[in-house]
Amino acid sequence: MKKLFFFVTFCILNFSIISQTPSVVQHIRFPVWANVDAFPGWELNDDGQNADESYPVKSIKELGPFLMKGMVDGWKFIYVPADKARGVEEYFELIEINPEVEIANRIVYSSPWVEDNKLHCWVDFQRSDIEVSSYNLWSSIRNPVIRGRGYGPLEDGFNGIKKAVEEAVKDAIREHYRSKYKNKPKEITGSVLMRKTPLLGIDQGRYVINLDFFLEYGRIKQYTHF
């Protein structure tokens with residue numbers, strides 16, 4: 001019965017998910033993919049490599065470093081909850097913690113394959129000793145674990161996935177602080193670090209991503225008057 005439940009859930013969401021590796025402390029490894037059908041002209045060579053830097057390959061090479069940054073360095077965030085009574089619109093921004101640190105050239109892409117009109121491959125990244133220490137610090141100082149799901153337009157490619165990631169972070173932060181504060185704060189800042197590999201799929205013509213984070217508290221500004 002339990003296995004049947006997971007199978008039905010998989011079919012409903014139409015996820016293209018591959019199981020994550022047991023540990024991400026030293027070696028990070030997860031699959032990424034990009035749609036092929038929407039971009040005609042893309043072909044594989046006989047050795048399984050892409051013939052040129054076409055859109056799916058470029059998209060993967062944008063997506064890999066973006067997600068890896070979230071796992072290795074994390075993101076700062078600024079969140080302003082919507083408040084209709086005060087006429088305040090919701091605002092959310094993700095900011096790189098270490099924008100000067102380049103990790104794209106340390107990522108290894110391997111084992112490309114085409115399935116279900118998608119180009120898939122694995123991305124691998126070996127943390128340095130300093131990065132391992134940083135992860136262990138995040139996980140050992142009682143930072144709460146939060147989880148979120150986000151959606152993005154499929155037709156936007158990498159930007160759609162980026163939007164889904166931002167929504168997942170916002171969703172996780174919003175739900176966490178709702179459980180802690182009765183009154184809406186004016187602004188929340190802090191940092192998050194992805195603690196597990198991302199689960200990316202498609203749901204009803206949209207990208208959908210499930211993410212799991214450590215949350216480092218920052219500053220909370222309260223309204224001084226109504």
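Brief remarks on what is shown
- Relative contact order (percent, whole number), the stretch 138-226, Cα cutoff 8 Å, 6+ residue spacing: 38 percent
- In the stretch 128-226, the trypsin sites (Lys or Arg not before Pro) that fall in loop regions by DSSP, at most 12 other Cβ within 10 Å: R142, K180, K182
- Hz values of 3J(HN,Hα) by residue in the stretch 141-151 - Karplus curve (6.51, -1.76, 1.60), Gly and Pro given as x: 9, 6, 5, x, 9, 10, 9, x, 10, x, 10
- Charged neighbours of G87, selected by a Cβ distance under 14 Å, balance to +1 (K, R count +1; D, E count -1).
- Taken per residue, the accessible surface of the stretch 124-221 reaches 50 Å², heavy atoms only and a 1.4 Å probe.
- Among the GluC sites (Glu not before Pro) in the stretch 95-161, those located in a DSSP loop and surrounded by at most 12 other Cβ atoms within 10 Å of their own Cβ are E100, E102.
- Classified by the C-alpha gyration tensor, the stretch 109-226 has an oblate form. Its axis ratio a/c, with a ≥ b ≥ c, is 1.5 or above, and a/b does not exceed b/c.
The values are calculated or read from the model by the stated rules, or taken from the named source; none is laboratory data. Please read these numbers as outputs of a predicted model, since none were measured by experiment. Counting neighbours? That spans all protein chains shown, and the Cβs are built from the backbone with ideal geometry, glycine included. Side chains included, ligands, DNA and RNA excluded: accessible areas come from the protein's heavy atoms. Shrake-Rupley method; radii C 1.70, N 1.55, O 1.52, S 1.80 Å.
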